[in-house]
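Please read the structure below before turning to the comments.
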Amino acid sequence: MHYMDLDTPYLLLDEKRLRKNLADMQAYADAHHVALRPHTKTHKMPAIAQMQMQQGACGIAVAKVGEAEEMARAGLADILIANEIVGVQKWQRMAALVKAGCQLSFGVDAPCQVTGAEAVFAETGVCVSVQIEIEVGEERSGIIRDEDFLALLAAIRSCPHIHFKGLFSHDGNTYRAKDLAKCKALAAKAQQRTVHFAQLAHEQGMDCEVVSYGATPTFMNHIDILPGITELRPGTYALMDAAQGHAIDDWSRCAATVLATVISKPTDTRTILDVGAKGLTKETRTEGICSTRGMGMLYDFPGVSIDSLFDEHAIILDRGFHDRVQIGDKVRIIPVHICPVCNLYDKAALLDGETVKAILPISCRGKIQ
């Protein structure tokens, strides 16, 4: 089938671009003598996770227990849940994964998370690994103060069913870096901070097996990896998007597009497509190297972007585009941020050129628990 024969909206994946992205990131990790653990929350597809493992990844990362369950069901056995996991039900589900043979670890940043999980793991008779999240400038979750880190180490040490595996951090603030020089400076600072906590753990007699660091803009720009980092954890690199294209000034890496149909041309300048916020999200990038105009770029129409989105409609206010398309034409859109877009589709079409090679289920979509 030619991809233009697909009904719309439809998520398309260019296999050649995808495989190049996977190979290049693995080569980057290998050149720095560190492991690669792709964050699969971007694509949510076991088939792509298997491709990443075949390239040489040491395992995968996910964001939620539900994603871990789906990936484990597909045969992925080494999984980091790169997020704080809280609640008896979730700890019980993780214990079940470990009992089934999954090499699982999850994120913590407070002693109560550890002691709560310990009670569940003790009852079920399993030992589960944890990795402490370090806050490195994104202003999200993670340890900030040395004294809190030491208290968390003490809590882990007191729990026989909790195994300390190491640390992880996410340098999300590089997305807002004003230029490449600032991105490099932020990346260096984030890595130094992460390694600092690894040294603190060493001083407490709790060496890190893994010191994991993630940030696609850092890695796609081939920024140096500092000694002490043992693992890279990028996600968006696999499919890329308009924002990441801006970060490296290269949109030829964008493997994911959304196919849409022109359904209306009500004025001399306004064109309406049949995909809205429910197929693209309303997320924007307005700062730094990832700053992107509009709510999606038109793949075959350089310089044209979506001006606004309703639930089911994309509005394009561009006279040149308006005059070049007819109602019924199909066009491709490069999303601003691919991660939430993948979560809106049940399946994606893998393309060999213009031919649909396979339909990939997005098994982890909606697995937010």
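The values are calculated or read from the model by the stated rules, or taken from the named source; none is laboratory data. Note that the structure is predicted; figures quoted are calculated from it, not measured. Counting neighbours? That spans all protein chains shown, and the Cβs are built from the backbone with ideal geometry, glycine included. Heads up: the accessible areas ignore ligands, DNA and RNA and are worked out on the full protein's heavy atoms, side chains in. Shrake-Rupley method; radii C 1.70, N 1.55, O 1.52, S 1.80 Å.
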### Task
Taking only protein heavy atoms into account and a 1.4 Å probe, give the accessible area per residue of the chain in Å².
40 Å²
### Sulfur and carbon atoms: percent of accessible area, the chain [1.4 Å]
50 percent
### Task
Restricting to the chain, compute how many DSSP beta bridges are antiparallel as a %, nearest 5.
45 percent
### Query
Can you list the residues, at least 5 places off or on another chain, whose amide H is less than 5 Å from the amide H of Ala358, using H built in the peptide plane?
Leu350
### Task
Any of Lys282/Lys367; Lys182/Lys347; Lys16/Lys44 with alpha carbons more than 29 Å apart? Name them for me.
Lys182/Lys347
## Note on the structure
Longest principal axis of the chain (C-alpha) makes with the long axis of helix 146-157 (C-alpha) an angle, in degrees to the nearest 10, of 70 degrees
### Query
What residue among Ala35, Ala100, Ala260 shows peak mean-square fluctuation when the chain is described by a Gaussian network model with Cα springs under 10 Å?
Ala100
### Query
What is the Cα centroid distance between segment 263-297 and segment 210-242, reported in whole angstrom?
28 Å
### Task
Find how many whole Å separate the alpha carbon centroid of segment 98-173 from the alpha carbon centroid of segment 344-369.
32 Å
#### Entry: Max mean-square fluctuation residue, GNM over the chain, Cα-Cα springs under 10 Å, options Leu226, Leu97, Leu11
Leu226
### Percentage, to the nearest whole number, of Cα pairs in segment 150-298 over 19 Å apart
63 percent
### Query
For segment 88-183, what number results from the quotient of the Cα radius of gyration and 2.2 N^0.38 Å?
1.25
#### Entry: Most mobile listed residue (Lys64, Lys44, Lys16) in the chain, GNM with C-alpha springs under 10 Å
Lys16
### Query
When the helices in the chain are scored as -39500 (n - 2.57) per DSSP H run of 4 or longer and the sum is shared across all residues, what 222 nm value do you end up with, to the nearest 500 deg cm²/dmol?
-10000 deg cm²/dmol
### Query
Angle between the Cα long axis of helix 180-203 and the longest principal axis of the chain, 0 to 90 degrees, nearest 10?
20 degrees
#### Entry: Straight-distance crosslink candidates among aspartates and glutamates, where the alpha carbon sits under 12 Å from Lys64 and sequence neighbours closer than 8 are dropped
Glu84
### Task
Filter the GluC sites (Glu not before Pro) in segment 273-338 down to the DSSP loop ones having no more than 13 other Cβ atoms within 10 Å, then list what survives.
Glu287
### Query
Using a simple charge model, +1 on the beta-carbon of Lys and Arg, -1 on the beta-carbon of Asp and Glu, nothing else, what dipole does the chain show about its Cα centre, in debye to the nearest 20?
300 debye
### Task
Show the residues, 5+ positions off or on another chain, whose built amide H is closer than 5 Å to the amide H of Lys347.
Ile362
